[in-house]
Number of protein chains: 2
Amino acid sequence: MATIKDIARTAGVGIGTVSRVLNETGYVSEETRQKVWNAVKSLQYVPNGIARALVTKRTMALGVVLHDLMNPYVPTIARGIEDEARRHGYTMMVLDTDWQLEHELRAITILRQQAVDGIILVSPANTEEMVSKCQDENIPVIVVDSGDASAISHITADHYKGARDAVAWAKKQGHTHIGFLAGPAGLRFADLRLRGYLDSMGLTDLSLEEVDQRKELPIVRAEFLFEGGRAATEALLHAHPEITCIFAGNDMSALGALQYLEQQGIAVPEQIAIIGFDDIFIASLVHPRLTTIRQPMYEIGVAAAELLMQHLSAPECPIPQRVFDLTLVVRESC
Amino acid sequence: MATIKDIARTAGVGIGTVSRVLNETGYVSEETRQKVWNAVKSLQYVPNGIARALVTKRTMALGVVLHDLMNPYVPTIARGIEDEARRHGYTMMVLDTDWQLEHELRAITILRQQAVDGIILVSPANTEEMVSKCQDENIPVIVVDSGDASAISHITADHYKGARDAVAWAKKQGHTHIGFLAGPAGLRFADLRLRGYLDSMGLTDLSLEEVDQRKELPIVRAEFLFEGGRAATEALLHAHPEITCIFAGNDMSALGALQYLEQQGIAVPEQIAIIGFDDIFIASLVHPRLTTIRQPMYEIGVAAAELLMQHLSAPECPIPQRVFDLTLVVRESC
DNA sequence: TTGAAAGCGCTAACAG
DNA sequence: CTGTTAGCGCTTTCAA
């Protein structure tokens, strides 16, 4: 627990000088530099980041607010963020929220208290409120995957186009009766995927709000969950026996659908085809392997951190947005 | 960015008093308390954790060093840690290491600099070195899942017994020729699982070092990876056509094995049975669903954080160790 | 080129 | 009960 004072004393210099050689700021003679480094080595000195942060106003820590680390697509993004952050000497604080706004808001307060230099919001439940809170607190924020194309600085993938590509592929395979397993209403990127599906199915005039009313449509909310996928598929098939293809709004619900069909002895893709969204790791392991829309999650994480770092070192330039392309990965299920 | 001074001024009291009401320490008249809280509210004051940490020597942050967030069993542990930590007002810093000792060591230095109050090591590559470095730095540490039963404070599961249970089950199913997909040599919990297998197969006298020499044994290193599982299974079956059951040291390699067998048209479990280890989420989704040894990962994470918190509030008592039981989850693959 | 001094925002004695 | 004071360990002027 040596302090800068100890270094100064054993090196026989002032603390200002020690600080100067440590941070390579200002002129220091080669000789003193050596003396200081020797003292640092021999005392195994590591600067106290807290004390440093108090004066520099920089903690070299960034906050990552995400809904759930256990949700398969999240760790990949987190890993991307961490890898890039570390390259810049930053450390990552992780906070789960279970997609609840109150938890999200509390997370910001905690991070503000921990004085992180910036925050990355991964798929927040309420983007506007979260971003404005960060702005109130005066802390740089960047949003990942809210799917929101507003002025807010964000990284996302083209969910709308991804959904359209998925339906296009299904149609190309000869399917005309295509059901959809929707995500939670109000979740931006879930809405975009739904919109893509609707538009591709010629339901351009239908608003998202109307969807839940129109029971005759082959659309069921699976909430992006495995169990939801099972249940939704069952409901869908009962109401719409004509369906030959199910487009799931994400892979988890696709997996649920797959399990239901398998248990019912329905052959995939022969009787019912399935197409997912995300390309989480599991997608390539199930049988039949899942055809899906790949989201470059790791790259998205890296990009988010990259842009934040960039903004931190040059706060004057606005943070650019960035939209990643999605790619169709054709495997066996459709 | 109001400071304690601003609060003191607008509330018309001294900063000491403000600090007292904020921390509920010492006597403050109800009236002043109100005045202070009003000022806090109206200025939207949030205490600066950094300044506080500088004097209290407590950052309310803990470091979690893990090998890879993308490894399926890791996020669950991390989530458990975070949930428990948050209950105590702690925030979690996550550092990946890719299982490389140098990265691990660097992680400690970073965390030391960030002045975390404690560190949780999840399956470190080199437990001794890591723990001793933490001790040198004088920072409380607890180890998760190193499988090491030494004096070091740790949480782990009974890998040895788990492996024995797995083999026992396989035998009960009538299997006598049971192959093993081993993990990396030297990884403690991998070694324990291997030891369990060896002992159950009557190879009690065989040392772990000898295993790699004895090519005639039905043991191949799959390195705990999906691809490793595929390759190892292929090798295993070529060398040992008599095998009717494969015990994979972890689920990822079991999944690899499963895929290989499926592609070869080998029926599971009819021709070859498979039993895994970990019970990662995917295990219950593949076909056939994987019989495996369940590790209570979330609970392990919670326990780790719990013990650390406990130690932080009562540093005098030694940190107890804790070994979780593993349970056999019988599904379809064996 | 370098030492000394002034804080950063807060807690924790210490007098009143 | 409450205001004042002295640091926590570091960076950053400011003289020298």
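Any read-out appearing in this document is the output of simple, stated calculations on the displayed coordinates, not a laboratory observation. Please read all numbers here as calculations on a predicted model, not as lab measurements. Heads up, the Cβs are rebuilt from the backbone with ideal geometry, glycines too, and the neighbour counts pull from every protein chain shown.
Observations on the model:
- Copy-to-copy label separations for A:Gln100, where each label sits 7 Å from Cα toward Cβ, in nm and ascending: 4.0
- Simple Cβ-charge dipole of chain A, Lys/Arg +1 and Asp/Glu -1, about Cα centre, in debye nearest 20: 1380
- Average beta carbon contacts from partner chains per residue of A:45-57, 10 Å cutoff: 5
- Descending Cα extents along the principal axes, chain B, whole Å: 86, 38, 29
- Spin-label pair A:Ile15-B:Thr327: with each label point 7 Å from Cα along the Cα-Cβ axis, the two points sit 5.7 nm from one another.
- Computed from phi, the 3J(HN,Hα) profile of the range B:162-179 under the Karplus parametrisation 6.51, -1.76, 1.60 (θ = phi - 60°) reads x, 5, 5, 4, 4, 5, 4, 5, 4, 5, 4, 7, x, 7, 10, 9, 10, x Hz, with x in place of Gly and Pro.
- Nearest-20 debye value, the range B:159-294 charge dipole, Cβ charges on Lys, Arg, Asp, Glu: 340
- Averaged over peptide B:61-68, the number of partner chain Cβ atoms lying within 10 Å of each residue's Cβ comes to 1.
- What separates the B:Ala185 label point from its copies, with the point 7 Å along Cα to Cβ, is 6.1 nm, written shortest first.
- Phi angles of the range A:240-245 translate, via the Karplus equation with coefficients 6.51, -1.76, 1.60 and θ = phi - 60°, into HN-Hα couplings of 9, x, 6, 4, 10, 8 Hz per residue; Gly and Pro are given as x.
- Residue-count net charge about A:Thr109 - beta-carbon cut-off 12 Å; Lys, Arg +1, Asp, Glu -1: -1
- Of B:Asn38, B:Ser19, B:Gly49, farthest towards positive along the dipole that unit charges on Lys, Arg, Asp, Glu beta carbons give the range B:4-56: B:Gly49
- For the residues of B:132-139, the average number of beta carbons from a partner chain within 10 Å of their own beta carbon is 1.
- The range A:73-84 - phi-based ³J(HN,Hα) in whole Hz, Karplus 6.51/-1.76/1.60, Gly and Pro as x: 8, 6, x, 5, 5, 4, 5, x, 4, 5, 4, 5
- Model label zone, A:Glu242; criterion: amide N under 17 Å from point 7 Å along Cα-to-beta-carbon; scope the range A:175-194: A:175-180
- The calculated FRET efficiency for the pair A:Gln44 and B:Gln213, based on their C-beta separation and a Förster distance of 45 Å, comes to about 0.60.
- For B:Thr327, the distances from its label point to the matching points in the remaining copies are 4.2 nm, ordered from shortest, with each point set 7 Å beyond Cα toward Cβ.
- Between amide H atoms placed 1.01 Å from N, distances below 5 Å from B:Met92 occur with A:Val94, B:Leu62, all of them 5 or more places distant or on a separate chain.
- Counting only Cβ charges, +1 for Lys and Arg and -1 for Asp and Glu, the dipole size of the protein assembly as shown around its Cα centre is about 1820 debye.
- In the protein assembly as shown, helical runs assigned H by DSSP with n ≥ 4 each contribute -39500 (n - 2.57); averaged across all residues and rounded to the nearest 500, the mean residue ellipticity at 222 nm is -14000 deg cm²/dmol.
- Residues A:Lys171, A:Lys35, A:Lys215, arranged from fewest to most other Cβ atoms within 10 angstrom of their Cβ, appear as A:Lys215, A:Lys171, A:Lys35.
- Between B:Val144 and B:Leu121, B:Val122, B:Ser123, B:Ile155, the built amide H atoms are under 5 Å apart, and every one of these is 5 or more places off in sequence or on another chain.
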